[in-house]
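The values are calculated or read from the model by the stated rules, or taken from the named source; none is laboratory data. Computed from a prediction, not measured in an experiment: that's the story for all the values here. Because the Cβ atoms are built from the backbone with ideal geometry, glycine has one as well, and the counts that use them run over all protein chains shown. Just the protein is used for accessible areas: all its heavy atoms, side chains included, with ligands, DNA and RNA removed. Shrake-Rupley method; radii C 1.70, N 1.55, O 1.52, S 1.80 Å.
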Amino acid sequence: MNDQQAPSATTVGMSTDPTIQRKHAAMIERLSNLQQSRVSNKTDPKDPSFESTKSFLLLFTNSKQAIESSLTQVQQISDTDPTQDLKPELEKMSLSITELEKLVAENSYFLPPYEVRSSLKTISDLKQTLDSVTSKVKPRKRFSFKNRPTKKPEPANTITKEAIENEREQQSSYKVKDSPGFRSKENEILTKEFKGSKIGEFVLSDLTNCEVRLRECFRTLFINRLKNCKIYTGPVLGSILIEEVEGCLFAVASHQIRIHDLKESDFYLRCRSRPIIEQSSGVRFAPYRLCYDEIESDLRESNLDDDTGSWANVDDFQWLRAVQSPNWSILPESQRIDTVNI
């Protein structure tokens, strides 16, 4: 696969192919004109997009500081009284970090790409800090001579489905179990149409060998623990967050997509900002190939009607070198699927 990896943006820009050079120059000029138009039209300090970004950053910063303050307090309490059970406080902070992550996902469609990346990096740092604090303040079991009734051990095959689900939810970064979605399915074709629906976020979790078809627009998609699935979605107005996936095919369109812990999967993608991958390998990208009645109207409504080429410019947060990351590549045209009609 390394021989078929996509060149970096710098390499493309230095190509000697006249056709590629002309296309590249035209794209740069088009983006430059668009940016100049935005700057010239943004003379009003009360511009809505500016106010939205400013309001988001204020809320994000306040929430971040509140979480950091809580983490500090928990550490201080642990130092003062090591026997105190701080599990409830740690769970509250975990929930707060999850809510902060959802805040970024739901607002990323209007945020500058730098602010999205910076916010996601902050959230990742908060998660690491919480893990560190949890390992330090986890209450130790105290030795006791109390006689307790002996429980007959349960056979391994009596572990309940609820216990398994609870364990998975604790391990997952995206705790959105109360949101509508498809969960715990095998070998099924699952469809959902969002036209006229008030659903803002949708969840795909614990699916195996399933095909999912989501038509029309919705705001946020959370995906975790999928294996050998095919996912086809209309435009997502905000973000798609993906975790723990293997051997899947995605045809999705969104303003921003973040991929974590994914193996050997293909994406037919349209997005407004650069895709982000972390701790992933064997990820291949190609342009969006999906069709259904009125999809063009949905793409225009969600401001995803133009293919900006962002699908081919991937940020690998685990690969900081200047050369191409080995964890992702462009899917060769000879191996791409035909347009899928759902």
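I'd like the full set of residues that are among the hydrophobic types (A, V, I, L, M, F, W, C) and open to solvent by 30 Å² or more (accessible area, probe 1.4 Å), limited to region 287-311. Even if it seems obvious, please write down each step before you answer.
Our first condition is that a residue be among the hydrophobic types (A, V, I, L, M, F, W, C); within region 287-311, this holds for 290-291, 295, 299, 304, 311.
Matches in region 287-311: Cys291, Trp311.
Out of all the residues in region 179-187, is one or more at pLDDT 95 or above, closer than 18 Å to Val340 by Cα and surrounded by 13 or more Cβ atoms within 10 Å (Cβ to Cβ)?
Checked region 179-187: no residue is at pLDDT 95 or above, closer than 18 Å to Val340 by Cα and surrounded by 13 or more Cβ atoms within 10 Å (Cβ to Cβ).
Within region 296-318, count every residue that is over 15 Å from Arg258 (Cα atoms) and out of contact with any Gly (no Cβ under 6 Å at 6 or more places or on another chain). Steps first, answer last, please.
Going through region 296-318, the residues over 15 Å from Arg258 (Cα atoms) turn out to be 296-309.
Narrowing further to those that are out of contact with any Gly (no Cβ under 6 Å at 6 or more places or on another chain): 296-297, 299-309.
Count: 13.
Exactly one of these conditions fails for Leu237: (1) open to solvent by less than 10 Å² (accessible area, probe 1.4 Å); (2) closer than 20 Å to Arg300 by Cβ. Give me its number.
The failed condition is (1).
Arg272 - would you say it is in contact with a His (Cβ under 8 Å, 6 or more places away or on another chain), in contact (Cβ under 8 Å) with a residue 24 or more places away in the chain and open to solvent by 10 Å² or more (accessible area, probe 1.4 Å)? If you could, list the steps in order and put the result at the bottom.
Details: in contact with a His (Cβ under 8 Å, 6 or more places away or on another chain): yes; in contact (Cβ under 8 Å) with a residue 24 or more places away in the chain: yes; open to solvent by 10 Å² or more (accessible area, probe 1.4 Å): yes.
Spelling it out, Arg272 is indeed in contact with a His (Cβ under 8 Å, 6 or more places away or on another chain), in contact (Cβ under 8 Å) with a residue 24 or more places away in the chain and open to solvent by 10 Å² or more (accessible area, probe 1.4 Å).
For the structure I just gave you, tell me whether Ser325 is touching a His at 6+ places or on another chain (Cβ under 7 Å), in a loop (DSSP other than H, G, I, E, B) and hydroxyl-bearing (Ser, Thr, Tyr). Quick ask: steps written out before the conclusion?
On the way: touching a His at 6+ places or on another chain (Cβ under 7 Å): no; in a loop (DSSP other than H, G, I, E, B): yes; hydroxyl-bearing (Ser, Thr, Tyr): yes.
Against the criterion (touching a His at 6+ places or on another chain (Cβ under 7 Å), in a loop (DSSP other than H, G, I, E, B) and hydroxyl-bearing (Ser, Thr, Tyr)), Ser325 does not qualify.
Suppose we keep only residues that are free of Cβ contacts under 8 Å to residues at least 40 places away in the same chain and touching a Ser or Thr at 6+ places or on another chain (Cβ under 7 Å) within region 184-205. Which one would you say is nearest to Asn303 (Cα to Cα)?
Residue satisfying both the conditions and the ranking: Phe202.
Looking only at region 90-117, which residues are surrounded by fewer than 18 Cβ atoms within 10 Å (Cβ to Cβ) and either at pLDDT below 85 or not small (Gly, Ala, Ser) (or both)? Talk me through it step by step, then tell me what you get.
Applying the first criterion (surrounded by fewer than 18 Cβ atoms within 10 Å (Cβ to Cβ)) to region 90-117 yields 91-92, 95-96, 98-99, 103, 106, 110, 112-115.
Within region 90-117, Glu91, Lys92, Leu95, Thr98, Glu99, Leu103, Glu106, Phe110, Pro112, Pro113, Tyr114, Glu115 meet the criteria.
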